[in-house]
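Working notes, beginning with the structure itself.
The values are calculated or read from the model by the stated rules, or taken from the named source; none is laboratory data. Owing to the predicted nature of the structure, the values given are computational and were not obtained by experimental measurement. For neighbour counting, all protein chains shown are included, and Cβ atoms are generated from backbone atoms with ideal geometry for every residue, glycine included.
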Amino acid sequence: MKNLIRDLGTWKVTAFPYTVVAGAGVLMGSRFGVAVNDTTSGATGVVYTEGVFTLAKTTGQAWTEGQLLYWDDTAKKVTSALAAGANKLIGCADKAAASGDTTGDVQVAGQVGPDPGSAT
């Protein structure tokens, strides 16, 4: 196919907003991805924009399968809490996670935004 510019499963980011290790989440404007390699702030790198990943999660929160999940860019962790104007919707829980778990499995959707039911 001559008109395909890029498969949307990955994205080459020209300037990472902060340093990340391979497998860590990163928010770039209105896109969320998971770093393919260790990448320093300002460097070019590649992120996965879709898929299921085990990511750092906020402890003290239990997740249910299919629950909407958000990225807390300050803590650099996935959370189940929508903080108005702060946390961004990144996908949903692929399976349940206990409140004491430090990681959880997340179906990443690529595009981010507020909870579809909120005004923010």
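Observations on the model:
- If you check G60, G29, G25, G33 for being within 13 Å of the chain's Cα centre (by Cα), within 17 Å of T103 (Cβ to Cβ) and either loosely packed, with under 13 Cβ neighbours inside 10 Å or not hydroxyl-bearing (S, T, Y) (or both), only one passes: G25.
- Residues (part of a loop (DSSP other than H, G, I, E, B) and either more than 24 Å from A86 (Cβ to Cβ) or of a type in the set (S, T, Y) (or both)) located in the range 6-25: R6, D7, L8, G9, T14, Y18, T19, A22
- For the range 63-86, a residue qualifies if it is acidic (D, E) and crowded, with 19+ Cβ neighbours inside 10 Å, and exactly one does: D72.
- With respect to being farther than 23 Å from D105 by Cβ, modelled with pLDDT of 90 or more and touching a strand residue (DSSP E or B) at 6+ places or on another chain (Cβ under 7 Å), F16 fits the description.
- Any chance L89 is buried (at least 18 other Cβ atoms within 10 Å of the Cβ) and under 12 Å from G104 (Cα atoms): no
- Residue match in the range 64-81 (condition: modelled with pLDDT of 95 or more, of a type in the set (S, T, Y) and within 18 Å of T10 (Cα to Cα)): no
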